[in-house]
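Take a look at the structure set out below.
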Amino acid sequence: MAQEALRQESAPRAPRRTPLYDVHKALGAKIIPFAGFEMPVHYPSGIVSEHRAVRERAGLFDISHMGELEVRGSGALDLVQFVTTNDASRLEVGQAHYSVICQEDGGALDDCLVYRFPDHWMLVVNASNQVRDREWVAKYGRRFGAQVIDRSADTALLALQGPKAPQVLSRLTRTDLTGIPYYHFAQGEVGGCRAVLSRTGYTGEDGFELYVASEDAHSLWSRLLEVGAQEELIPIGLGARDSLRLEMGYILYGNDLDENHTPLEAGLGWVVKLDKGDFLGHDALARQKEEGVRERLVGFTLKERGFPRHGYEVRYDGEPAGEVTSGILSPTLDHGIGMAYVPIEAANPGTPLEVIIRNRLVQAEVVRPPFYREGSLRR
């Protein structure tokens, strides 16, 4: 997530800090401004080492900058249905799904996770959009008899990711982790702290995202690193989080998705349920689906050595076709990978592209993500 676009407000604010800021500093992390927060981009081991640790063992992320919006009331489901594109009525208690929040013209205001609890719902939104999302959802609350409560400041979020993550977590909880399928969650205790244990993540590896009270963040972080020492569990910064998610082809809001692009253009048609009833953006998305999109977000790989950075020009058939929305030199694959919006005629896998890197045309090819498959989980 290290490339997430930072939205500048008219009056600059002092950057915020998660409850673990002092811990990151003590661990020697490089701190950068990110989505209005001061966040660790990497620790002394470096991004590549952190990336490989998650692929091979396990890593621990502080993602407490994310926003949590609680939705309550008799019309809570109706409100969630109206402001998101996926069909939340299909969720059972203890289940979550991925969705998109759209404006009326179908442009994406954010992507999010939707959780169904016994007596309320929760939307987990991107840090840079937290205030805007809260205000956007809340303004429709009265219409549906629902209340929106921002729990972001009270909530810390730790992500334990990697093939050995369940083994580490099992030492601190009595919750049966084998009974939590992918994109499901349970409420229990971890290291003596009340927690929501969610089998979700942004890395493509097995793992959990742990929602706890902000005051419990220090204790839980320390206990996880302590019990995970034999698996060589290490802290992971936002740099490796970005490279891990991009190897899976996971979208990053602000780069690969924004209000100028619809979920259909971003390849997220699978979370747009036009048959569920009315929702914000429904009519615009229905028209676009009928008429067909003019451009599409695609994955590409470089055919020669290079680093396709965000903003680099992409060409198709010798003509400007778009720009790189996200790109890295993949630590796992050891070649350049990225995503870009291109004309629909250039969106088929196998289509040759060119990326201009340091005034040089580098050959590329459209591929269907994920770029990395071994050990990966599918949404």
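Some observations on this one:
- Qualifying positions in region 19-46 - modelled with pLDDT of 95 or more, under 24 Å from I251 (Cα atoms) and either aliphatic (A, V, I, L, M) or not assigned by TED's automatic domain parsing to the domain that holds I234 (or both): I31, I32, M39, V41
- Inspection of region 337-356 identifies no residue that is surrounded by fewer than 19 Cβ atoms within 10 Å (Cβ to Cβ), at pLDDT below 95 and either under 30 Å from P163 (Cβ atoms) or within 20 Å of the chain's Cα centre (by Cα) (or both).
- Residues located in region 154-209, provided they are of a type in the set (D, E), in a loop (DSSP other than H, G, I, E, B) and either surrounded by fewer than 19 Cβ atoms within 10 Å (Cβ to Cβ) or without any contact (Cβ under 8 Å) to a residue 24 or more places away in the chain (or both): D176
- Scanning region 274-283 for residues that are in a loop (DSSP other than H, G, I, E, B) and exposed (fewer than 12 other Cβ atoms within 10 Å of the Cβ) gives a single hit, D278.
- Residues of region 177-191 that are of a type in the set (G, A, S) and either at pLDDT below 95 or farther than 16 Å from L160 by Cβ (or both): G179 alone.
Residue-wise test of (1) outside any strand (DSSP E or B); (2) over 17 Å from the mean Cα position of the chain (by Cα); (3) over 20 Å from A186 (Cα atoms).
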position: I101; (1), (2), (3): no, no, yes
position: L113; (1), (2), (3): no, no, no
position: R132; (1), (2), (3): yes, yes, yes
position: V137; (1), (2), (3): yes, yes, yes
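- Candidates R72, R90: the one that is without any contact (Cβ under 8 Å) to a residue 24 or more places away in the chain and surrounded by fewer than 24 Cβ atoms within 10 Å (Cβ to Cβ) is R90.
- For region 312-328, residues that are in a strand (DSSP E or B) and over 23 Å from L268 (Cβ atoms) total 4.
- The single residue among R245, R309 that is in a helix (DSSP H, G or I), under 20 Å from the mean Cα position of the chain (by Cα) and within 28 Å of G162 (Cβ to Cβ) turns out to be R245.
Residue-wise test of (1) under 23 Å from H218 (Cα atoms); (2) buried (at least 20 other Cβ atoms within 10 Å of the Cβ); (3) of a type in the set (S, T, N, Q).
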| position | (1), (2), (3) |
| --- | --- |
| P19 | yes, no, no |
| V23 | yes, no, no |
| F34 | yes, yes, no |
| P40 | yes, yes, no |
| P44 | yes, no, no |
| E56 | no, no, no |
| L60 | yes, yes, no |
| G67 | yes, yes, no |
| L79 | no, yes, no |
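- Verdict on R142 being without any contact (Cβ under 8 Å) to a residue 12 or more places away in the chain, surrounded by fewer than 18 Cβ atoms within 10 Å (Cβ to Cβ), basic (K, R) and farther than 23 Å from R245 by Cα: yes
- Of all residue pairs spaced 6 or more apart or on separate chains, those with beta-carbon atoms under 6 Å, a first member in region 254-273 that is without any contact (Cβ under 8 Å) to a residue 60 or more places away in the chain and surrounded by fewer than 23 Cβ atoms within 10 Å (Cβ to Cβ) and a second member that is part of a strand (DSSP E or B) and of a type outside the set (S, T, Y) are G267/L297.
- Residue ID - farthest from P370 (Cα to Cα), chosen from residues in region 210-242 that are in contact with a Ser or Thr (Cβ under 8 Å, 6 or more places away or on another chain) and outside any helix (DSSP H, G or I): A213
- Meets criteria (outside the structural domain of G179 (by TED's automatic domain parsing) and either at negative phi or in contact (Cβ under 8 Å) with a residue 60 or more places away in the chain (or both)) for A96: yes
- For beta carbons closer than 7 Å, sequence separation of 6+ or different chains, a first residue in region 284-295 that is in a helix (DSSP H, G or I) and a second that is at pLDDT 95 or above and small (G, A, S), the qualifying pairs are A284/G106; L285/G106; Q288/G106.
- Qualifying residue in region 309-326 (condition: surrounded by fewer than 21 Cβ atoms within 10 Å (Cβ to Cβ), more than 30 Å from E56 (Cβ to Cβ), in contact (Cβ under 8 Å) with a residue 12 or more places away in the chain and touching a His at 6+ places or on another chain (Cβ under 9 Å)): yes
The values are calculated or read from the model by the stated rules, or taken from the named source; none is laboratory data. Note that this is a predicted model, so its numbers are computed, not measured. Because the Cβ atoms are built from the backbone with ideal geometry, glycine has one as well, and the counts that use them run over all protein chains shown.
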